[in-house]
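Asks: Here it is: the structure, laid out below.
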Amino acid sequence: MDIITAISNNVTISGNLMHVLDISYKQYYDRSSRLLNIGLISRKNGQISLTSFGQLIYKAQLKIATAFTHFSELRMIDAIKSHSGMSDDEQKRIIDKLLDEAELKNLITCSVD
């Protein structure tokens, strides 16, 4: 995932990737070969880039990291959802106040409906 993150930050030359990630040539070759074989990255004219699949995987990784940073709020939301005496509108209002991340908020409030 470090290689994917570095490529998404425009580090696209092998030597630069090895330097930024502080890995040996063998480590770089092993890791990049696996990423090439499964279709997450591509190499053209000495430049490495994320494939469409790689971009989706990277964006999914970012969403998961965001969810982890909001773990305590998400646990509170689960407790709110399990409270049977609260209306859907009340749940949405509280969730709106708990979460500042718009995408997570949208996912959570959609699951309340």
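What follows draws every value from the coordinates through simple rules; no lab data is involved. Values in this document were obtained by computation on a predicted structure and should not be read as measured data. In this analysis, Cβ positions are derived from the backbone assuming ideal geometry, glycine residues included, and neighbour counts consider all displayed protein chains.
Asks: What is the Cα coordinate range of segment 24-84 on the first, second and third principal axes, sorted by size from largest, in whole angstrom?
Replies: Result for segment 24-84: principal-axis Cα extents of 59, 25, 16 Å.
Asks: Give me the net charge of E101's neighbourhood, meaning all other residues with Cβ under 12 Å from the Cβ of E101; Lys, Arg count +1, Asp, Glu -1.
Replies: Summing Lys and Arg as +1 and Asp and Glu as -1 gives -2.
Asks: Per residue of the chain, what 222 nm ellipticity follows from adding -39500 (n - 2.57) for every DSSP H run with n ≥ 4, rounded to the nearest 500? Intermediate values should be presented prior to the final figure.
Replies: Values: 7 runs with 81 residues, N = 113.
The helix-only estimate for the chain comes to -22000 deg cm²/dmol at 222 nm.
Asks: If you don't mind, another one. Which of H70, S24, N37 sits farthest toward the positive end of the charge dipole of segment 4-71, with +1 on the Cβ of Lys and Arg and -1 on the Cβ of Asp and Glu?
Replies: Of the candidates, N37 comes out farthest on the positive side.
Asks: Residue separation times 0.36 nm, minus the C-alpha to C-alpha distance between K81 and M1: what's the value?
Replies: Length difference between fully extended and current span is 25.4 nm.
Asks: What dipole magnitude, in Debye to the nearest 20, does the chain give about its Cα centre under +1 on Lys/Arg Cβ and -1 on Asp/Glu Cβ?
Replies: Its charge dipole is roughly 600 debye.
Asks: Here's another thing I want to ask about it. As a quick test, which of the pairs K63/K92; K63/K97; K59/K97; K81/K105 have an alpha carbon distance above 23 angstrom in this structure?
Replies: K59/K97
Asks: Count the net charge of all other residues whose Cβ sits under 12 Å from the Cβ of T12, scoring Lys and Arg as +1 and Asp and Glu as -1.
Replies: Local charge sum for T12: +2.
Asks: Right, something else. I'm a student and want to see the number: the projected area of the Cα convex hull of the chain, averaged over all directions, in nm². Write down the numbers at each step before the final one.
Replies: Details: hull surface 35.4 nm².
The orientation-averaged projected area of the Cα hull of the chain comes to 8.8 nm².
Asks: If you project the alpha carbons of segment 1-42 onto the principal axes, what extent comes out on each, in Å, largest first?
Replies: 24, 22, 15
Asks: Then there's this: Within the chain, which complete DSSP H helices have Cα atoms spanning at least 24 Å along the helix axis and a mean Kyte-Doolittle hydropathy of -1.0 or higher?
Replies: Those that clear 24 Å and a mean of -1.0 are 52-69.
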